[in-house]
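First up is the structure itself, then whatever we jot down about it.
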Amino acid sequence: MQPFKILRSRSVSMPSENIDTDQIIPARFLKVTDKKGLGEKAFYDWRYDKDGRPRTDFVLNTPRALGAGILVAGDNFGCGSSREHAPWALVDFGFRAVVSTSIADIFRNNALKNGLLPIVVDPQFHTRLLKGAGEELEINLWARTIKTEDCESREFEVEPFARYCLMNGMDQLDFLLGQDAQIQAYEQEYVV
Amino acid sequence: MPATTLFEKVWEAHQVTPETEDTPAVLYIDLHLIHEVTSPQAFDELRKRGLKVRRPDKTVATMDHSTPTLPPDERGNWPFIDQLAAKQVKKLEDNCAEFGITLHALGGPHQGIVHVIGPELGLTQPGSTIVCGDSHTSTHGAFGALAHGIGTSEVGHVLATQCLLQRKPKTFAINVEGALQPGVGAKDLVLAVINKIGVGGGTGHVLEFRGEAIRALSMEARMTVCNMAIEAGARAGMIAPDETTFAYLKDREHAPKGEAWDKAVARWKTLRTDEGAVFDREVTIDASQVEPRITYGTNPEMSVGVSETVPQPNTRSDERALAYMGLEAGERMQGKKVDVVFIGSCTNSRIEDLREAAGVMHGRKVAENVRALIVPGSRSIKEQAEAEGLGDIFREAGAQWREPGCSMCIAMNGDQLQPGELAVSTSNRNFEGRQGTGGRTLLAGPATAAAAAVTGMITDARSLQGVEYATV
């Protein structure tokens, strides 16, 4: 995994609240047995009409979405299922960060394991970010700050271990594998 | 000893390493359930790293999402929707064989929806930690287990180490006082809870459902309630085990036997929130005020009593939801014509749900404008329903009585709505397109769904059940 330190990228906004994982990646695309190419299917039913033609009024089909790495979305983003295909699809599409006023637990956990940084900001700053869709934002994971083009900035929280792994491009499984002695001791004492 | 909650007791007993400021807790997992959709990439990761499954004896697999619910042909070939689905199922078979994992395969005696077969086989036990790459793993909390849905990376973590990295969640008591009225069930109750706390209201919390109305529920009903904890965004839902729990588990295949059973029950009896223990949040709901509920929008929070009208939208998202659903604010729900009825899913496909539906459908016919699908949660439920004559009731009514699986809840296997179709469904999610692109879902309990099937419209099932009730 590529280390995540500082990201400067344009944003796109999807102000709808409660964007669920079925919208991010519809279930019929979960029959894959690998992770490849899911970006093409991201937000499929919002992106394409019934004949598979791009809907020109959907933000990801507009020129400003090209190369945008930050998604600013409405409250409770990523609610619904545990499918890791959701962050896989967003990362494959080109996103490196999702910003909202709240982010669903399982989605957040999954995102952090795939180099996709979930950021929760206050409602006022969120409104500011939605208005500034298309501007370049700077996300600094060292400093835990997110900054707009006109230098309005906020600190955000990120779980310290996930942050450490993201900044070092480290897989969380390596840490768990390093706990083998403790796991063995636990099993000997408590597990049948 | 300080007073602690049920959740804290289970959490503390499973800490291999407690959390620190820098690192999450390492939590030991007693049971890992896997299925075909969220596991293949995790097994690939194991192969890539040359790792084994640490505890195949604590790992159980089944296939449910991509599987057909129509029977196999005379040569034993199942009618998969496409090659991808068939390949995904085959991949699970191969992975289980390679890594030594028990698999309840298609056509086998214990195949079924992963959250239905775990409890049915007695694998789901009080005080245990359970994970599965599926958000509705919260179902198992009905037994006083701590049960989380996890992503595929975490499926890999648990396969390799039998452990999960977790930050300690907060606790949230859902006190349900009083008694449910006749004709009002667990699904109605949990829809009322989600309506009260919101679709994101449980985020970061483990819910404990407690109070008189919860104690009075059967295990099937408790599973329906905990199943939908995730629909309020909760990390898990739990109910303290009691005599109802023990009676359900006794003599099940994987339940302890003999002396071990007595010891287990003695231990399980300690799994309750102590007097004076403090929750981070609490709400109280009066069960007697809950009426049969139905959703009108595109998330499970958006529900009303079946006798009520569609509420006024408050936000742009609400407006979008009503536009998608083709419903107008102020419109009455009752009397609205429906195209499809789906009775099934990990929320409502157990024997009690089928009995409830059959009670309404007995001696009646599915309306001409309706396609009704009834999909049992497991092979053994299908057999029990046949033995009880429920299968005959469904067939005689003109419903399609299918093979077990997730079916139209997630619409991966070809069981799906056509664009624009309106369905009453006993499943758990009414998201846009959840049951098929352009399909519109109204979530409700089994009786309401069965009533819609036989009347062709949204109906208060109590009018068909001979239950006396006051209209709002």
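What the table shows:
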| quantity | calculated |
| --- | --- |
| Amide proton proximity set for B:Thr171, modelled H, under 5 Å, gap of 5+ | B:Val206, B:Asp280, B:Arg281 |
| For B:Ala372, distant residues with modelled amide H under 5 Å away | B:Val341, B:Gln400 |
| FRET efficiency, A:Thr62 to B:Lys263 (Cβ-Cβ, R0 56 Å, nearest 0.05) | 0.30 |
| Accessible area per residue, Å², chain B with all protein chains present, probe 1.4 Å | 34 Å² |
| Note, ³J(HN,Hα) from phi for region B:23-40, Karplus 6.51, -1.76, 1.60, rounded to Hz, x at Gly and Pro | 10, x, 5, 9, 10, 7, 10, 7, 9, 10, 9, 10, 9, 5, 7, 10, 10, x |
| Rel. contact order, % - alpha carbon contacts under 8 angstrom, at least six apart, region A:6-190 | 23 percent |
| Cut-off 12 Å between beta-carbons: net charge of the residues surrounding B:Asp134, Lys and Arg +1, Asp and Glu -1 | -3 |
| Rough spin-label spacing in nm, given labels placed 7 Å along Cα→Cβ, for B:Asp22 and A:Glu135 | 3.7 nm |
| Dipole magnitude of chain B about its Cα centre (Cβ charges: Lys, Arg +1; Asp, Glu -1), debye to nearest 20 | 580 debye |
| Inter-probe distance in nm under a simple model that places probes 7 Å from Cα toward Cβ, at B:Lys196 and A:Ser9 | 4.1 nm |
| Amide H within-cut-off set for B:Ala234, under 5 Å, with H built and near neighbours excluded | B:Gly202 |
| Fully extended contour minus Cα-Cα distance, from B:Glu74 to B:Glu212, at 0.36 nm per residue | 44.6 nm |
| Net charge dipole size for region B:362-467 [Lys, Arg +1 and Asp, Glu -1 on Cβ; Debye, nearest 20] | 180 debye |
| Environment charge at B:Ala357 (Cβ cut-off 12 Å; Lys +1, Arg +1, Asp -1, Glu -1) | +1 |
| Estimated vicinal HN-Hα couplings, Hz - region B:314-321 in sequence order (Karplus 6.51, -1.76, 1.60; Gly, Pro = x) | 9, 10, 4, 5, 4, 4, 4, 4 |
| Buried on assembly, region B:196-212 (at least 20 Å² less accessible surface than by itself, 1.4 Å probe) | B:Val199, B:Thr203 |
| Solvent-accessible area, 1.4 Å probe, carbon plus sulfur percent, for region A:6-190 | 47 percent |
| Counted charge near B:Lys91, where neighbours are those whose Cβ lies closer than 11 Å (Asp, Glu -1; Lys, Arg +1) | -3 |
| Selection from B:Pro40, B:Ala453, B:Ile230 lying farthest towards where the dipole of chain B points positive, charges on Cβ | B:Pro40 |
| Extension gain (nm, one decimal) between B:Asp82 and B:Glu331, 0.36 nm per residue minus Cα-Cα | 85.6 nm |
| Under the Karplus curve 6.51 cos²θ - 1.76 cosθ + 1.60, θ = phi - 60°, whole-Hz ³J(HN,Hα) for region B:117-125, x wherever Gly or Pro sits | 6, x, x, 4, 8, x, 6, 7, 10 |
| Estimated distance in nm for a label pair at A:Val191 and B:Tyr469, the labels positioned 7 Å out from Cα along Cα-to-Cβ | 4.7 nm |
| Rounded FRET efficiency, nearest 0.05, which uses the C-beta distance separating B:Glu275 from B:Asn369 and R0 of 56 Å | 0.55 |
| Within the protein assembly as shown: Cβ-based charge dipole about Cα centre, in debye rounded to nearest 20 (Lys, Arg +1; Asp, Glu -1) | 1040 debye |
| DSSP bridge pairs, the protein assembly as shown: antiparallel proportion in percent, nearest 5 | 30 percent |
| Contour excess over end-to-end distance, with Cα ends at B:Lys170 and B:Glu12 and 0.36 nm allotted per residue | 55.5 nm |
| Cα gyration tensor, region B:12-70 - rounded (a/c under 1.5), prolate or oblate | prolate |
| Region A:6-190 shape via C-alpha gyration tensor axes, a/c threshold 1.5 | oblate |
| Loss of accessible area when A meets B, both sides summed, Å² nearest 100, probe 1.4 Å | 4700 Å² |
| Non-local Lys pairs in region A:6-190, i.e. 8 or more apart or on different chains, that have alpha carbons under 23 Å apart | 8 |
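The values are calculated or read from the model by the stated rules, or taken from the named source; none is laboratory data. In this text, all values refer to a predicted model and were calculated from it rather than measured experimentally. Counting neighbours? That spans all protein chains shown, and the Cβs are built from the backbone with ideal geometry, glycine included. Calculation scope for accessible area: heavy atoms of the full protein, side chains included, ligands and nucleic acids excluded. Shrake-Rupley method; radii C 1.70, N 1.55, O 1.52, S 1.80 Å.
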